[in-house]
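K.L.:
Got a structure here, written out as structure tokens. Questions coming.
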């Protein structure tokens, strides 16, 4: 063979080899999460203030109670590198950042004592690994602002952080970081240095925030993927927040193990119900090792020192909790529990340790929606080892909360583009003995729809009475709980950057009902977006209403019969159905199955062809 031919063959072989290595690398990182990751994340209960002792307590509980069921990740969420952060928001006034000499954030030693002496998270990771669990952290996209300001060096280069940054596209809701410019020399080296450090710590999971919404940073995701793979350590990559733009579904599936499909998900039925539409949209983009992520499970005891709300057991009813777990399982979303595990009650523990439900999550195939309308929904999936199918059935019917035409006053849509982010109300209420202060989501998603009624008051020409001095009859909030003289998040009432001492903080959809004393003739208030809503991603959009009669429609029946045609599912003869939540066989059926499902509740079933043994039992 002549030299020229040998050279051509050599080049071809090298090209094939490089392609094979690249394909193998991609296949391998997806294999690190062969089933949807299951773990605990500190955000819902501790916000940016979690401590080492609290992380260890949750790891101890997981190792004892949950590890046998497949739960194995312990994730320290945001701002572990700030020594003086606070609940209900972030300390951006005088944050006590902790960095090493290469501009890489390090754990705050006052919160994570084992990190002293430059050890970082390695001692904590070692503790978690000793329990047979895996360790993860949250980071923000980009390079620390303080590293740029100090011109700290990038490890292994002659460059500094000031050589690779841009102040454009900075995170809207937290200003710790600047954007890294992907094509700048030193940018990849910066990310390489981060993940070299994390690999030395023993990291198994990383959640990277401000990466996918409102802007999708495709090049930065590729840099992170490359930096992870370069370490040789199996580090699962989770991108955040959401909704990840569906236009980038193919890209994120290629480079990440899981990605957010929604914004921050809390214990609100409206937010839970949105997932039915969202999961249908993302269903075709699930692949082995690559999972659309419905966000954390706001179950158990949450809000201890969180960004939103106060300490509480989840506001979800038991039926709503069954819906959440059933929907996540049949969709095969990662499960990241948000509550403080040691505070779990028996019911919460039962949700997390049902082997039948977790089998659907981990082994089912061909998962897809079967039907959905205003009252009901269903999903179907296959048991890959038998001819059986899994069926999830949901009662999503809702009472009409607000009949707008019955309002005595209503605002236009209020957004962060509205001058003053607010509207004044001054209307006649002569003869009125009851008012309802109502906030709706403006007809779109309820993400970040924080709203404030500032100084709501009634007057009679001489005297004025603040409604906050009265005890309301009933008050609801789409997320969290209505608050007196503070925002629903627990922070100060702030509208258009002005702080107010008096008012009611709520979150759409919300209804606050008051009985009024006699003789008052006018109602006045300032109704506006709370500051917490204005800076978040696309901001909020709400409408305010005043009603003097019940704003809601008729109450619905507590139980709904939901017919499922078994013939259309391929069961043309007699079949047996088992309730997977209880583990009990229901009965033998032919033709149709009509489960009765509580409002906002769910059923999860296994359908099998009935053999002779079943028919003769």
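The values are calculated or read from the model by the stated rules, or taken from the named source; none is laboratory data. Everything numeric here is computed off the predicted structure, so don't read it as measured data. For neighbour counting, all protein chains shown are included, and Cβ atoms are generated from backbone atoms with ideal geometry for every residue, glycine included.
K.L.:
Here are some residues: 238, 193. Which one is crowded, with 18+ Cβ neighbours inside 10 Å, within 22 Å of residue 36 (Cα to Cα) and either in contact (Cβ under 8 Å) with a residue 12 or more places away in the chain or under 20 Å from the mean Cα position of the chain (by Cα) (or both)? Spell out the reasoning first.
P.N.:
Values: 193 fails: within 22 Å of residue 36 (Cα to Cα).
The conditions single out 238.
K.L.:
To continue, here is another question. Taking the conditions exactly as written (in contact with a strand residue (DSSP E or B) (Cβ under 9 Å, 6 or more places away or on another chain) and surrounded by fewer than 22 Cβ atoms within 10 Å (Cβ to Cβ)), does residue 181 satisfy them or not? Can you show your working first?
P.N.:
Values: in contact with a strand residue (DSSP E or B) (Cβ under 9 Å, 6 or more places away or on another chain): yes; surrounded by fewer than 22 Cβ atoms within 10 Å (Cβ to Cβ): yes.
When the stated conditions are applied, residue 181 passes them.
K.L.:
Scanning for something in contact with a helix residue (DSSP H, G or I) (Cβ under 7 Å, 6 or more places away or on another chain), modelled with pLDDT of 95 or more and surrounded by fewer than 24 Cβ atoms within 10 Å (Cβ to Cβ), does the stretch 520-535 turn up at least one residue?
P.N.:
Among the residues of the stretch 520-535, not one is in contact with a helix residue (DSSP H, G or I) (Cβ under 7 Å, 6 or more places away or on another chain), modelled with pLDDT of 95 or more and surrounded by fewer than 24 Cβ atoms within 10 Å (Cβ to Cβ), which makes the answer no.
K.L.:
Given 155, 131, which one is in contact with a helix residue (DSSP H, G or I) (Cβ under 9 Å, 6 or more places away or on another chain), modelled with pLDDT of 95 or more and under 30 Å from residue 65 (Cβ atoms)?
P.N.:
Working: 155 fails: under 30 Å from residue 65 (Cβ atoms).
Criteria check complete, one pass: 131.
K.L.:
Just to be sure I understand the filter: pairs with C-beta atoms under 6 Å, separated by 6 or more residues or on different chains, first member in the stretch 144-167 and outside the structural domain of residue 180 (by TED's automatic domain parsing), second member surrounded by fewer than 20 Cβ atoms within 10 Å (Cβ to Cβ). Which pairs pass?
P.N.:
Correct list of pairs: empty, since none qualify.
K.L.:
Here are 103, 142, 117: which of them is at positive phi, modelled with pLDDT of 95 or more and surrounded by fewer than 20 Cβ atoms within 10 Å (Cβ to Cβ)? Steps first, answer last, please.
P.N.:
Numbers: 103 fails: surrounded by fewer than 20 Cβ atoms within 10 Å (Cβ to Cβ); 142 fails: surrounded by fewer than 20 Cβ atoms within 10 Å (Cβ to Cβ).
Checking each option against the conditions leaves just 117.
K.L.:
Restricting attention to the stretch 454-485, report how many residues are more than 26 Å from residue 429 (Cα to Cα) and either out of contact with any strand residue (DSSP E or B) (no Cβ under 8 Å at 6 or more places or on another chain) or surrounded by fewer than 21 Cβ atoms within 10 Å (Cβ to Cβ) (or both).
P.N.:
1
K.L.:
Continuing with this model, one more query. Can you tell me which residue among 580, 546, 604 is under 30 Å from residue 522 (Cβ atoms), touching a residue at least 12 places away in the same chain (Cβ under 8 Å) and surrounded by 15 or more Cβ atoms within 10 Å (Cβ to Cβ)?
P.N.:
Numbers: 580 fails: under 30 Å from residue 522 (Cβ atoms); 604 fails: under 30 Å from residue 522 (Cβ atoms).
One residue alone meets the criteria, 546.
K.L.:
Hey, another quick one. Going by what's in this entry, would residue 220 be described as in the same structural domain as residue 318 (by TED's automatic domain parsing), in contact (Cβ under 8 Å) with a residue 60 or more places away in the chain and touching a strand residue (DSSP E or B) at 6+ places or on another chain (Cβ under 9 Å)? So that I can check it myself, show each step before the final result.
P.N.:
On the way: in the same structural domain as residue 318 (by TED's automatic domain parsing): yes; in contact (Cβ under 8 Å) with a residue 60 or more places away in the chain: yes; touching a strand residue (DSSP E or B) at 6+ places or on another chain (Cβ under 9 Å): yes.
When the stated conditions are applied, residue 220 passes them.
K.L.:
Among the residues of the stretch 109-143, which ones are over 20 Å from residue 40 (Cβ atoms) and in a loop (DSSP other than H, G, I, E, B)?
P.N.:
Scanning the stretch 109-143 gives 109, 110, 119, 120, 141, 142.
K.L.:
Sticking with this one: Filter the stretch 306-321 for residues that are modelled with pLDDT under 95 and on the phi < 0 side of the Ramachandran plot and give the result.
P.N.:
Just the residues of the stretch 306-321 that are modelled with pLDDT under 95, to begin with: 306-312, 315.
Answer for the stretch 306-321, where residues must be modelled with pLDDT under 95 and on the phi < 0 side of the Ramachandran plot: 306, 307, 308, 310, 311, 312, 315.
K.L.:
Here's a check for you: in the stretch 304-313, which residue that is over 14 Å from the mean Cα position of the chain (by Cα) and in a loop (DSSP other than H, G, I, E, B) is surrounded by the most Cβ atoms within 10 Å (Cβ to Cβ)? Spell out how you get there, then give the answer.
P.N.:
Filtering the stretch 304-313 for residues over 14 Å from the mean Cα position of the chain (by Cα) gives 304-305, 309-313.
Those still in the list that are in a loop (DSSP other than H, G, I, E, B) too: 304-305, 309-311.
Values: 304: 21, 305: 20, 309: 24, 310: 17, 311: 13.
Selected residue: 309.
K.L.:
What are the pairs, 6+ residues apart or on separate chains, where a residue within the stretch 243-258 that is assigned by TED's automatic domain parsing to the domain that holds residue 216 and at negative phi has its Cβ under 6 Å from a residue that is modelled with pLDDT of 95 or more and assigned to a helix (DSSP H, G or I)?
P.N.:
Short answer, once both residue conditions are applied: 244/252; 249/285; 251/218; 253/285; 255/221; 255/225.
Yes/no matrix, rows are residues, columns are (1) in a loop (DSSP other than H, G, I, E, B); (2) in contact with a helix residue (DSSP H, G or I) (Cβ under 9 Å, 6 or more places away or on another chain); (3) surrounded by fewer than 23 Cβ atoms within 10 Å (Cβ to Cβ):
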{"position": "330", "(1), (2), (3)": "no, yes, no"}
{"position": "333", "(1), (2), (3)": "yes, yes, no"}
{"position": "339", "(1), (2), (3)": "yes, yes, no"}
{"position": "348", "(1), (2), (3)": "no, yes, yes"}
{"position": "356", "(1), (2), (3)": "no, no, yes"}
{"position": "367", "(1), (2), (3)": "no, yes, yes"}
{"position": "370", "(1), (2), (3)": "no, yes, yes"}
{"position": "377", "(1), (2), (3)": "no, yes, no"}
{"position": "380", "(1), (2), (3)": "no, yes, yes"}
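K.L.:
Further, regarding this structure: When residue 204 is evaluated against the numbered criteria (1) out of contact with any strand residue (DSSP E or B) (no Cβ under 7 Å at 6 or more places or on another chain); (2) at pLDDT 95 or above; (3) surrounded by 21 or more Cβ atoms within 10 Å (Cβ to Cβ), which criterion, by number, is the only one it fails?
P.N.:
For residue 204, the exception is condition (1).
K.L.:
Return yes when residue 501 is farther than 23 Å from residue 272 by Cβ and either surrounded by 21 or more Cβ atoms within 10 Å (Cβ to Cβ) or modelled with pLDDT of 95 or more (or both) and no when it is not.
P.N.:
On the way: farther than 23 Å from residue 272 by Cβ: yes; either surrounded by 21 or more Cβ atoms within 10 Å (Cβ to Cβ) or modelled with pLDDT of 95 or more (or both): yes.
Spelling it out, residue 501 is indeed farther than 23 Å from residue 272 by Cβ and either surrounded by 21 or more Cβ atoms within 10 Å (Cβ to Cβ) or modelled with pLDDT of 95 or more (or both).
K.L.:
Of everything in the stretch 264-279 that's modelled with pLDDT of 90 or more and not in a helix (DSSP H, G or I), which residue is nearest to residue 213 (Cα to Cα)?
P.N.:
Narrowing the stretch 264-279 to residues modelled with pLDDT of 90 or more: 264-267, 269, 271-279.
Next cut, not in a helix (DSSP H, G or I) only: 264-267.
Numbers: 264: 11, 265: 15, 266: 18, 267: 21 Å.
Checked the stretch 264-279; the qualifying residue nearest to residue 213 (Cα to Cα) is 264.
K.L.:
If you don't mind, there's one more thing I want to ask. How many of the residues in the stretch 419-453 are assigned to a loop (DSSP other than H, G, I, E, B) and surrounded by fewer than 17 Cβ atoms within 10 Å (Cβ to Cβ)? Walk me through it before giving the result.
P.N.:
In the first step, residues of the stretch 419-453 are kept if they are assigned to a loop (DSSP other than H, G, I, E, B); the result is 429-433, 441-449.
Adding the requirement that they be surrounded by fewer than 17 Cβ atoms within 10 Å (Cβ to Cβ) leaves 430-431, 433, 443-444.
Qualifying residue count, the stretch 419-453: 5.
K.L.:
Residue 63 passes all but one of (1) surrounded by fewer than 19 Cβ atoms within 10 Å (Cβ to Cβ); (2) touching a helix residue (DSSP H, G or I) at 6+ places or on another chain (Cβ under 7 Å); which number fails?
P.N.:
It fails just one condition, (2).
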